[in-house]
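Worksheet for the structure shown next.
The values are calculated or read from the model by the stated rules, or taken from the named source; none is laboratory data. All of these numbers come straight from a predicted model, not from anything done at the bench. So basically every Cβ, Gly included, is an ideal-geometry build from the backbone, and we count neighbours across all protein chains shown.
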Protein chains: 2
Amino acid sequence: MSAKTSLSGFPEWLPGERIVEQWILDQLRTTFELHGFAPIETRAVETVEELQRKGETSKEIYLLRRLQEEASPKRSSKERTLGLHFDLTVPFARYVMDNAADLAFPFRRYQIQKVWRGERPQDGRFREFTQADIDIVGDGQLAFHHEVELPLIMVEALDRLGIPPITVLVNNRRVVQGFCEGIGVTSIDEALRSIDKLDKIGADAVTDLMEEAGIPRDTGKRLLELAAIRGGDLDVIDRVRALGVSTPLLDQGLEELAAVLTAANRRAPGRVIADLKITRGLDYYTGTVYETSLAGHEDLGSICSGGRYDTLATVGKRTYPGVGLSIGVSRLVSRILSAGMLTASRPVPTCVLVTVTDEESRVDADDIAATLRSRGIPTEVSASCAKFGKQIKYADKRGIPFVWFVDEDGNHAVKDIRSGEQISADATTWQPPAEDLYPHVRAAATTSDGRDV
Amino acid sequence: MSAKTSLSGFPEWLPGERIVEQWILDQLRTTFELHGFAPIETRAVETVEELQRKGETSKEIYLLRRLQEEASPKRSSKERTLGLHFDLTVPFARYVMDNAADLAFPFRRYQIQKVWRGERPQDGRFREFTQADIDIVGDGQLAFHHEVELPLIMVEALDRLGIPPITVLVNNRRVVQGFCEGIGVTSIDEALRSIDKLDKIGADAVTDLMEEAGIPRDTGKRLLELAAIRGGDLDVIDRVRALGVSTPLLDQGLEELAAVLTAANRRAPGRVIADLKITRGLDYYTGTVYETSLAGHEDLGSICSGGRYDTLATVGKRTYPGVGLSIGVSRLVSRILSAGMLTASRPVPTCVLVTVTDEESRVDADDIAATLRSRGIPTEVSASCAKFGKQIKYADKRGIPFVWFVDEDGNHAVKDIRSGEQISADATTWQPPAEDLYPHVRAAATTSDGRDV
């Protein structure tokens, strides 16, 4: 029951759905602020050079041109080609470099914005979607413990939604790269990109892909042995070592992976597990990488991903290493809505509709409404002075729970149109039940008496 | 002290500034919801046909093309040219037509989003900016009283910010069009567009412009007599009539203008005044039109504009007339920040920094922080276990008011680093003063002892 979309890949929601999305964004914001992340937004556009600064990207970029420019094709040489940002990390890195002098490091920020990718729209892949990111960036250095802190904040943020639990899957780029080095694989980017497709295309096709990239089948199979390792305790480290490869980079990566697992198991047992096939493909990560799966909705793919990056932001000799995670809000909301995981109690903020007897008395209805609003109660005045029954019908159709009216003797009353219950009321003192004041968002998995729906 | 912007026309804010902007958006949202407006968002892009559906537009449109498309120029014939929306009214009209079956009319919605215009950036004109819109749209008809309701909601919303008062300037398209008809002007669009420039270029230049468009100078001067009329009471209606022109359209327009003034003067005396030079240029309005000036900042131009439109959304014989107003949030925020009208008490959400003695005890600091957060207190744990003084310095630099620490004997204490006051504390019960819990936004016009700054 989502909004009709006349353009594939550009999702829109009906008002009741947007209330759910907005509530989710409010929950994320609350969690991020509780953990001391400051809000920023960056412009939607970057120069094309900036978007491609880290070299090849698998993200399809939308470029902008002005319509009026087409008529007079003489492009001002000063105007640079702009593109829409495809994530919030690249713009954030640019923002940090632009404003380093005015920021205190380590700088903790959250950023909730739309991003755009010109990809072919398909199952859960949108061309326009909202991301909710947290990153911590240091000046020159960044302590390792932030790589444990960040995924646990995302667990807390998503737990707050009352949807099925997420599991954070972690790996470390140094493990994969070190392992590649140890077995003589030089085309590491190709290896990372191939392994990244394992869940989608299967082991055989990945071996084929790697062979095309010059990685012999036997070597490719060893990489797949690594990629098959998965588990929540330190046993996974031993299983990697048992593959008989050792390089300084691999050893450093395993040490870091072990540290993440140990600390995460202490603070949130079972919520973070190692999964050695996680690589984050072509992205700019250099250490720990994260993906996240939603229990019962693994088909959705990762709903929260990220990692540690050392060189994304560099000005001269100054580097700003960081670690960040990004929730794919639109993908998550789309599933939450289509699976009916969360619903809004009504599609309008309005708690009370003040009825109008005739246009002359509209000013009195306006006064009643103003009094209720001054006390924080969302109120509208009936658009028409149709018959009382028709005004109630209007409220009912919009899901407004209460109707306010004044009888011939000037007595005020309020009617709960769900129960039909009606009481005398005074706009300066009447209070609706707390759960009716604003639309509330609730898990739809069970009815109020606990039965599954 | 705003963020460094490396692209002209695309403003960005530092964290403390974004806290002010976010607070402003929260206030607007609260007011809109108190008045029963439901939230929606529309996609950032529309087809170019949709953006130009109402014919010529003065807005410069950004078109999109995929970067990868350039390499293979064979454009799929099915792919339509997309552009970024230049306002929120055109997309809203399209959304209403797409989803009419799922909406209850009159439909009240608010929408707070970025829009883009490829204009030359100048004083207060941005290429990317946030708008906050409210609209009420009817199915086939829409009662006139909404044309009084909407500007008063905007007055209430902006009053809540604690900035100088706004004045809503109203006119009615029917008055200008009827007057044009009455004095024999046929190029009404040209006349509207010329008058719209009166404040910017002056009466003589407007007369010249109109002459170029085929409107004789004498006739043009009569139009300027109309445009010079301005006032808050019904006297303005008589002054228009005194110009000796009468047509059915003009008379209807004057009646509507009088009704808006009468009702507005009753509910918010002095806040809405008639200004006959307001035309909204090429926009799609058909009745009442609005602009808004901020006291003491008239040079900023209108910060909230809109009007009544009858034919923006039409499907077959079905039309959806509406009335809407749009706040230019970025323009307003830019001035609020540069003039120092509002400031945030600190640039981070963090209320408490929990210090760390050594990395081994970080887990204990994490526990204290988790306890404080579970009680709604924004808390971070010190990134380093540097000397106590250095950790306090870090808090001070970020504006964090409280530092939590555990002494050698295991006693917990919290220190207000502004006053130096230090007390024993328990994370399960300690509560910061309400005004310190989150950063708060305050008017900077006077100091706490009431003196002007």
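Please work out which residue is farthest from B:Leu142 (Cα to Cα), limiting yourself to region A:377-398 and to residues that are surrounded by fewer than 18 Cβ atoms within 10 Å (Cβ to Cβ) and within 9 Å of chain B (Cβ to nearest Cβ). Before the answer, list the steps.
Quick first cut of region A:377-398, residues surrounded by fewer than 18 Cβ atoms within 10 Å (Cβ to Cβ) only: A:384, A:386-390, A:393, A:396-397.
Retained after the next criterion (residues that are within 9 Å of chain B (Cβ to nearest Cβ)): A:384, A:397.
Values: A:Ser384: 10, A:Lys397: 18 Å.
Only one residue fits best here, namely A:Lys397.
Out of curiosity, is A:Thr371 among the hydroxyl-bearing types (Ser, Thr, Tyr), over 30 Å from A:Gln52 (Cα atoms), in contact (Cβ under 8 Å) with a residue 12 or more places away in the chain and part of a helix (DSSP H, G or I)?
Working: among the hydroxyl-bearing types (Ser, Thr, Tyr): yes; over 30 Å from A:Gln52 (Cα atoms): yes; in contact (Cβ under 8 Å) with a residue 12 or more places away in the chain: yes; part of a helix (DSSP H, G or I): yes.
Here the answer is yes, as A:Thr371 does meet what is asked.
In the list A:Leu300, A:Leu372, which residue meets the criterion of being modelled with pLDDT of 95 or more, hydrophobic (A, V, I, L, M, F, W, C) and at negative phi? Walk me through it before giving the result.
On the way: A:Leu300 fails: modelled with pLDDT of 95 or more.
Going through A:Leu300, A:Leu372 in turn, the sole match is A:Leu372.
For region B:223-342, please list each of the strands (runs of 3 or more DSSP E) lying entirely inside it that holds at least 1 residues being among the basic types (Lys, Arg).
Details: elements: B:272-275, B:288-294, B:304-315, B:318-328.
Fully inside region B:223-342 and qualifying: B:304-315, B:318-328.
Can A:Ala191 be described as more than 18 Å from the chain's Cα centre (by Cα), at the interface with chain B (Cβ under 9 Å from one of its Cβ atoms) and among the aliphatic types (A, V, I, L, M)?
Numbers: more than 18 Å from the chain's Cα centre (by Cα): yes; at the interface with chain B (Cβ under 9 Å from one of its Cβ atoms): no; among the aliphatic types (A, V, I, L, M): yes.
Considered against the rule, which asks whether it is more than 18 Å from the chain's Cα centre (by Cα), at the interface with chain B (Cβ under 9 Å from one of its Cβ atoms) and among the aliphatic types (A, V, I, L, M), A:Ala191 comes out as no.
Of all residues in region B:265-281 being touching a helix residue (DSSP H, G or I) at 6+ places or on another chain (Cβ under 6 Å) and hydrophobic (A, V, I, L, M, F, W, C), which is nearest to B:Arg173 (Cα to Cα)?
My answer is B:Leu276.
Can you name every residue in region A:8-30 that is free of Cβ contacts under 8 Å to residues at least 40 places away in the same chain, out of contact with any helix residue (DSSP H, G or I) (no Cβ under 7 Å at 6 or more places or on another chain) and either of a type in the set (Phe, Trp, Tyr) or at the interface with chain B (Cβ under 7 Å from one of its Cβ atoms) (or both)?
So the first thing to find is which residues in region A:8-30 are free of Cβ contacts under 8 Å to residues at least 40 places away in the same chain, and the list is A:12, A:18, A:22, A:26.
Those still in the list that are out of contact with any helix residue (DSSP H, G or I) (no Cβ under 7 Å at 6 or more places or on another chain) too: A:18, A:22, A:26.
A:Arg18, A:Gln22, listed by residue number.
Determine, yes or no, whether B:Leu169 is outside any loop (DSSP other than H, G, I, E, B), surrounded by fewer than 24 Cβ atoms within 10 Å (Cβ to Cβ) and modelled with pLDDT under 90.
Numbers: outside any loop (DSSP other than H, G, I, E, B): yes; surrounded by fewer than 24 Cβ atoms within 10 Å (Cβ to Cβ): yes; modelled with pLDDT under 90: no.
Judged against the criteria, B:Leu169 is not a match.
Of the residues A:Ser374, A:Ser361, which is among the hydroxyl-bearing types (Ser, Thr, Tyr), surrounded by fewer than 21 Cβ atoms within 10 Å (Cβ to Cβ) and more than 41 Å from the chain's Cα centre (by Cα)? Before you say what the answer is, go through the steps one by one.
Values: A:Ser374 fails: more than 41 Å from the chain's Cα centre (by Cα).
Result of the check over A:Ser374, A:Ser361: A:Ser361.
Any residue at all in region B:418-435 that's over 22 Å from A:Pro39 (Cα atoms), of a type in the set (A, V, I, L, M, F, W, C), without any contact (Cβ under 8 Å) to a residue 60 or more places away in the chain and not in a loop (DSSP other than H, G, I, E, B)?
The answer is yes; a qualifying residue exists.
If B:Phe179 satisfies all but one of (1) more than 18 Å from B:Val260 (Cα to Cα); (2) part of a loop (DSSP other than H, G, I, E, B), what's the number of the condition it fails?
The failed condition is (2).
If you check A:Leu192 against the conditions, is it assigned to a helix (DSSP H, G or I) and modelled with pLDDT of 95 or more? First the steps, then the outcome.
Working: assigned to a helix (DSSP H, G or I): yes; modelled with pLDDT of 95 or more: no.
No; evaluated as a whole, the condition is false for this residue.
Only one of B:Val90, B:Val96 is more than 9 Å from every other protein chain (Cβ to nearest Cβ), β-branched (Val, Ile, Thr) and over 28 Å from B:Arg66 (Cα atoms); which? Steps first, please.
Values: B:Val90 fails: over 28 Å from B:Arg66 (Cα atoms).
From the options B:Val90, B:Val96, the qualifying one is B:Val96.
Inspect region B:31-47 for any residue being assigned to a helix (DSSP H, G or I), modelled with pLDDT of 95 or more and facing chain A (nearest Cβ under 7 Å) and give the result as yes or no. Steps first, answer last, please.
Taking region B:31-47 first, the residues assigned to a helix (DSSP H, G or I) are B:31-34.
Within this subset, residues satisfying the condition of being modelled with pLDDT of 95 or more are B:31-34.
In the following step, the residues that additionally are facing chain A (nearest Cβ under 7 Å) were identified as B:33-34.
Yes; the residues of region B:31-47 include at least one that is assigned to a helix (DSSP H, G or I), modelled with pLDDT of 95 or more and facing chain A (nearest Cβ under 7 Å).
Looking at A:Val185, A:Val175 in this structure, which one is of a type in the set (A, V, I, L, M, F, W, C), within 26 Å of A:Val272 (Cα to Cα) and in contact with a helix residue (DSSP H, G or I) (Cβ under 6 Å, 6 or more places away or on another chain)? Quick ask: steps written out before the conclusion?
Values: A:Val185 fails: within 26 Å of A:Val272 (Cα to Cα).
A:Val175 is the lone residue from the list that is of a type in the set (A, V, I, L, M, F, W, C), within 26 Å of A:Val272 (Cα to Cα) and in contact with a helix residue (DSSP H, G or I) (Cβ under 6 Å, 6 or more places away or on another chain).
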